Amino acid sequence: MTSDSVRLQRALLGLAALASVGLAGCETVGSAAGSRQFAVLEADTTGATNVNIASLTEVVQRNPNDAAAYNTRGAAYARAGQFNDAIGDFTKAVQIDPNSGSAYNNRALAYRQTGRNDAALQDFTKAIASDPNYGPAYIGRANVLRAQGDLEGAMRDLNVAIRLMPESAEAYHARGLVRQKQGQDIAAIGDFDAAIDRNPFVSAPYAARGQSLIATNKYDKAIEDYNAALNVDNKDATSWAYRGLAYEKSNRKKEAMENYQRASTIDPNNPIARQGLGRVQGGVGSLFN
């Protein structure tokens, strides 16, 4: 094995590539939450990514016709938040290897980060055409379809993804979000359960399950889920706000106010927190009237 091959393998392991960013790339959607939240890759503050990019650039220069080299450096650029540079590398990768499902999938994820959902949808479809068994592309395409309101199409893709990747927490989480949007909260809870069983160390499925638990009047369990979500990410205004809502619905208005206030401190425009504060501070209307 050449030194360049070893370097590429190490970089792929360190970055885990875009195709396996897992729940970090999923959305959390609630009917009352209003705006969409789409998580970006966590920025590298250690400087390691810049070192990787420099090292991978040397590999690219020595192997200008190696699609894997561009694909790997593109993932490093994306990890650093340099999405246009990432898109450039993924484009070069698919020019060299038009059958690279991974490169199409990675470029689609980078397009999503720059708000280019139509281009992302095309690339996810190209990834699937290149490799019909490439599960991450079905998940990615399903997330776009859900954002565009095609819930049936999203469900079809996620059923395929789960068949191909039965241990994928991301696939179950994404399907739970579709079912949640369809008003099927009990079924959604089952999918969030499956996602948490497979990866209990991310906040998104706890927060999403909490919304469905509130919808099914299971307020104490919802509070437990938001405790877990906030233990992972205590700067998530939406989780603070929904925990406030669960407290309010269980008639614990002091705790509700504290959570709404914390959510408003993080995000003054959070609609759940603003509306909740209006109620618990004696504003117009009440959940119980």
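The values are calculated or read from the model by the stated rules, or taken from the named source; none is laboratory data. Keep in mind it's a predicted model, so treat the numbers as computed, not measured. Cβ coordinates were reconstructed from backbone atoms using ideal geometry, including for glycine residues, and neighbour counts include every protein chain displayed.
Laid out as a table, the results:
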{"quantity": "Condition check for TYR219: among the aromatic types (Phe, Trp, Tyr), surrounded by fewer than 24 Cβ atoms within 10 Å (Cβ to Cβ) and at pLDDT 95 or above", "calculated": "yes"}
{"quantity": "Enumeration of residues in the stretch 249-265 that are of a type in the set (A, V, I, L, M, F, W, C) and closer than 14 Å to TYR226 by Cβ", "calculated": "ALA256, ALA263"}
{"quantity": "Output for the stretch 105-134, where each listed residue is of a type outside the set (A, V, I, L, M), more than 15 Å from the chain's Cα centre (by Cα) and surrounded by 24 or more Cβ atoms within 10 Å (Cβ to Cβ)", "calculated": "ARG107, ASP123, PHE124"}
{"quantity": "Which listed residue is at pLDDT below 95 and of a type in the set (Ser, Thr, Tyr), from SER286, SER212, SER264, SER239", "calculated": "SER286"}
{"quantity": "Elements of type helices (runs of 4 or more DSSP H) in the stretch 127-228, at least 1 residues being assigned by TED's automatic domain parsing to the domain that holds SER100 and over 30 Å from LYS249 (Cβ atoms)", "calculated": "135-147, 151-164, 169-181"}
{"quantity": "Set ARG175, ARG179, ARG198, ARG163: member being surrounded by fewer than 24 Cβ atoms within 10 Å (Cβ to Cβ), of a type outside the set (Gly, Ala, Ser) and within 24 Å of ARG112 (Cα to Cα)", "calculated": "ARG179"}
{"quantity": "Among residues of the stretch 263-274, those that are under 18 Å from GLN211 (Cα atoms) and in a helix (DSSP H, G or I), counted", "calculated": "5"}
{"quantity": "Meets criteria (touching a residue at least 40 places away in the same chain (Cβ under 8 Å) and of a type in the set (Asp, Glu)) for GLU152", "calculated": "no"}
{"quantity": "Residue check for GLY244: more than 30 Å from ASN199 (Cα to Cα), touching a Phe, Trp or Tyr at 6+ places or on another chain (Cβ under 7 Å) and either among the polar types (S, T, N, Q) or buried (at least 18 other Cβ atoms within 10 Å of the Cβ) (or both)", "calculated": "no"}
